[in-house]
Amino acid sequence: MSHRRAVITALTLTTAAALAAAPALAAPAVSAATDLDVICDAIGADVVTVTGDLASGGTAQIAQGPLTIVGQPGFVGRDSAGKVIDIKPTGKGSLCTAQTPTSGDELADILPADRAASATSSGAVTGALTFTVEVDAPPVPMSAQRSADDQSSTAASLPFESELRSYLNSRPGAVGVAVRLPGTGRSWTYTKTSSRNVTASIVKVQIMSAVMMKAQDAGRSLTSWEKSQMSPMIRNSDNNATTALFNHIGGRSGLDRAGDRLGMSQTYADPYNHWGLTSTTAADQAELMEHYARPSTVLTSTNRMYGLSLMRHINSSQDWGVSAGPPAGSVPLKNGWLPRTDGWHVNSIGWSSTGTADYTIGVLTHHDPGAMSTQISTIEGVSRIVYKNRDTLLPPPEPPKERGLRGDLDGDGNVDLLGSSAIGRIYLMKGNGNGDFAPKTQIKSGLADATWMGTAGDVNRDGRSDVLVRRGDGRLQLMYATSAGKLGPLYTLANWWSSTVSDIAGGGDVDGDGGLDILLRRTTGEITRYTLSDAGDLHKAGSMGTPARSYEDIMLVHDLDGDGKDDMRGIAYGKQMRAWVSTGTGWNRLDATSRWDDYRLVAVPGDTDGASGRQDDIVGLLPTGEGRIFFGKDAGSHTTGYYTISHRLSSGFIRLF
């Protein structure tokens, strides 16, 4: 037995027996003592016992529970001429309409004389008696009250609580507010006076969910009858349809079972079987709406979407409350309203489904002797505050992971050297961190049509530098480095980097925004910058001028001037090397150096020895296959002497990077 059912068992057993014993006659003569089944707006079904003749001083009362008939009865129906008769009952409270028809008598034989005289009619009438009921507070188990208070005290405080508190302190009545970020487990509550309220018509979402679960448990779709009742129940807040579906799920016991499965641990069905007097908290209602805002283990996708479609098409006269603030039509919602002896109880629940910070929300109000419109205004004020501050509900963004060292393919913290052959093989020479490299090992093949290869930098921030390749048909593709020190599958970034592109450079950040850039040098000498996102998306950023018109090879290098932007080196057709520092949108030229005509290939793989204060080092490959390293220095210079790499590179390499 669940906690909820345990705390109300003693009361409900007695009540259920009493209600089951109440007779229901098909067509009573109202002059005799009889029981009338009624449905009360936003409350549910009950039984009115009529004793004696109402036209001659007879009485009508509800024997048990929180409902008390006040004032004199009314009547709704038609007379023998077909004229509509609608005599409102007197008194303040909720309207109850008899479900058993009254016919064959004149109004004067049914109602007290002053009530019958308030409308003209011809002959016998056919219709239903109506009554007004006051709703007293049904007993809520103390354990439920304590657990609701515990739920509120342990929930997180809204980041904008001070603004909400200031607003609600200016408003009358008790208010409970709950907000959830679907799918994150993040939730917040704020309570003014009391966190518990009766549902009124917002319980119809829970009843709809219970019907859906009943169908799912039977392995079937919703029937046409179930849908024919759900639609008016949700869209128009139809009470007869609600009562039919409430009975369909097994009354209060079915409602409680559904609440257990939906995680609504603080929601208790009324022991007298009134669906609208279900006791709940704003937190439970926000959790209920999360089952519609995100894929749910309780509701199927088909049923979720059907429920959302109904809540998105609420009757326009009922589209208020938590829809205030967000764009019109973006909030699936359900509202509830009920007059009580302590004033109106007005509630609104929904899902603000727009933007990155979508949220479910429940706002429950009561204990306000003023007008219903006052509480609607309170709810809408809360809704606007929540929507305005919704982005503060998002967790602070995690700082991006540091990128691995440019040129470090295996993630060991040392710059590696890569070379490619004419038959499309890629070889790795692992760096030792001291300016030298291990013998080459093959890590990729099948790229015989490649016209360019180079580093992309650590695109996905996994600590390993990735590789770009341009194919003969113009495709620019990306290969992620794997944990095994290999290169993974090829992902195409663009399809048009063909004959007009003379060279490419990657692996750096030339505008200092923290993202990777790729430079495309066209045959005209113009350099165009493209951004490469962490997800591997390529976007054109714009032209950076024509600084390298006479330079056949360009290479991105680590920041030469300390301004936070990576820079560029180029090798001219006459083997002169020059460096440029990036301004973010263009380039400033540094001094050039010669002496590179002895080398068949020149590359700048990165800082191979990690020496303090040094920049990226330069590797030159002689025609014999011997490799030499010139260590970088500040401001783009490098050592005049060189270090000979211990292991022969390859005279067959067509590119180093």
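The values are calculated or read from the model by the stated rules, or taken from the named source; none is laboratory data. Predicted model only: the values in this text are computed from it and were never measured. A quick note on method: Cβ atoms are made from the backbone with ideal geometry, for glycine too, and the neighbour counts reach across all protein chains shown. Heads up: the accessible areas ignore ligands, DNA and RNA and are worked out on the full protein's heavy atoms, side chains in. Shrake-Rupley method; radii C 1.70, N 1.55, O 1.52, S 1.80 Å.
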Check: If only one of 443, 423 is part of a loop (DSSP other than H, G, I, E, B), of a type in the set (A, V, I, L, M) and either within 22 Å of residue 479 (Cα to Cα) or modelled with pLDDT under 90 (or both), which one is it?
Finding: 423
Next item on the list: Could you figure out which of (1) under 23 Å from residue 41 (Cα atoms); (2) assigned to a loop (DSSP other than H, G, I, E, B); (3) open to solvent by less than 40 Å² (accessible area, probe 1.4 Å) isn't true of residue 273?
Entry: (3)
Margin query: Can you find, within segment 214-251, the residue that is farthest from the chain's Cα centre (by Cα) among those that are outside any helix (DSSP H, G or I) and of a type in the set (S, T, N, Q)?
Written below: 223
Check: Given the residues 627, 636, which is the only one that is within 54 Å of the chain's Cα centre (by Cα) and either surrounded by 21 or more Cβ atoms within 10 Å (Cβ to Cβ) or among the aromatic types (Phe, Trp, Tyr) (or both)?
Finding: 636
Check: With respect to the numbered conditions (1) more than 22 Å from residue 338 (Cα to Cα); (2) open to solvent by 50 Å² or more (accessible area, probe 1.4 Å), which one is the sole condition not fulfilled by residue 236?
Finding: (1)
Notebook entry, point to check: Which one of 251, 259 is buried (at least 17 other Cβ atoms within 10 Å of the Cβ) and touching a strand residue (DSSP E or B) at 6+ places or on another chain (Cβ under 9 Å)?
Noted result: 259
Margin query: Take the conditions crowded, with 16+ Cβ neighbours inside 10 Å, assigned to a loop (DSSP other than H, G, I, E, B), in contact (Cβ under 8 Å) with a residue 60 or more places away in the chain and within 35 Å of the chain's Cα centre (by Cα) and apply them to residue 350. Does it pass?
Written below: no
Check: Which one of these does residue 280 not meet: (1) polar (S, T, N, Q); (2) touching a Ser or Thr at 6+ places or on another chain (Cβ under 6 Å); (3) part of a loop (DSSP other than H, G, I, E, B); (4) buried (at least 21 other Cβ atoms within 10 Å of the Cβ)?
Finding: (3)
Check: For residues in segment 113-131 being β-branched (Val, Ile, Thr) and open to solvent by 40 Å² or more (accessible area, probe 1.4 Å), which is farthest from residue 88 (Cα to Cα)?
Finding: 126
Check: Condition test on residue 115, is it outside any loop (DSSP other than H, G, I, E, B), farther than 22 Å from residue 239 by Cβ and touching a residue at least 40 places away in the same chain (Cβ under 8 Å)?
Finding: yes
Item checked: Selection from segment 645-657 of residues that are outside any loop (DSSP other than H, G, I, E, B) and open to solvent by less than 60 Å² (accessible area, probe 1.4 Å) -> 653, 655, 656
Margin query: Looking at segment 420-438 only, could you name the residues that are in contact (Cβ under 8 Å) with a residue 60 or more places away in the chain, surrounded by fewer than 23 Cβ atoms within 10 Å (Cβ to Cβ) and in contact with a strand residue (DSSP E or B) (Cβ under 9 Å, 6 or more places away or on another chain)?
Written below: 421, 422, 427, 435, 436, 438
Next item on the list: Determine, yes or no, whether residue 356 is touching a helix residue (DSSP H, G or I) at 6+ places or on another chain (Cβ under 8 Å), among the polar types (S, T, N, Q) and either open to solvent by 70 Å² or more (accessible area, probe 1.4 Å) or at pLDDT below 90 (or both).
Entry: yes
Next item on the list: Take the residues in segment 525-544 that are in a strand (DSSP E or B) and of a type in the set (Gly, Ala, Ser), then tell me which one is nearest to residue 402 (Cα to Cα).
Entry: 541
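Rundown of residues vs (1) in a strand (DSSP E or B); (2) farther than 17 Å from residue 171 by Cα; (3) touching a residue at least 24 places away in the same chain (Cβ under 8 Å), yes/no style:
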site	(1), (2), (3)
306	no, yes, yes
317	no, yes, no
331	no, yes, no
336	yes, yes, yes
346	yes, no, yes
354	no, yes, yes
396	no, yes, no
Item checked: Looking only at segment 298-321, and only at residues there that are touching a Lys or Arg at 6+ places or on another chain (Cβ under 7 Å) and over 21 Å from residue 258 (Cα atoms), the one that is surrounded by the most Cβ atoms within 10 Å (Cβ to Cβ) -> 314
Item checked: Checking residue 392 against (1) under 25 Å from residue 316 (Cα atoms); (2) surrounded by fewer than 24 Cβ atoms within 10 Å (Cβ to Cβ); (3) among the polar types (S, T, N, Q), the condition it does not meet -> (1)
Margin query: Give me the residue from segment 322-347 that is within 25 Å of residue 70 (Cα to Cα) and among the polar types (S, T, N, Q) and, out of that set, least open to solvent (accessible area, probe 1.4 Å).
Written below: 347
Margin query: For segment 76-112, which positions are open to solvent by 70 Å² or more (accessible area, probe 1.4 Å), outside any loop (DSSP other than H, G, I, E, B) and acidic (Asp, Glu)?
Written below: 86, 109
Item checked: Selection within segment 512-537 - in contact with a Ser or Thr (Cβ under 6 Å, 6 or more places away or on another chain), open to solvent by 10 Å² or more (accessible area, probe 1.4 Å) and among the hydroxyl-bearing types (Ser, Thr, Tyr) -> 523
Item checked: Boolean, residue 417 is in contact with a Gly (Cβ under 8 Å, 6 or more places away or on another chain), under 26 Å from residue 620 (Cα atoms), open to solvent by 10 Å² or more (accessible area, probe 1.4 Å) and touching a residue at least 12 places away in the same chain (Cβ under 8 Å) -> no
Note to self: Restricting to segment 31-48, and then to whatever is open to solvent by 20 Å² or more (accessible area, probe 1.4 Å) and touching a residue at least 24 places away in the same chain (Cβ under 8 Å), can you tell me which residue is farthest from residue 347 (Cα to Cα)?
What the structure shows: 31
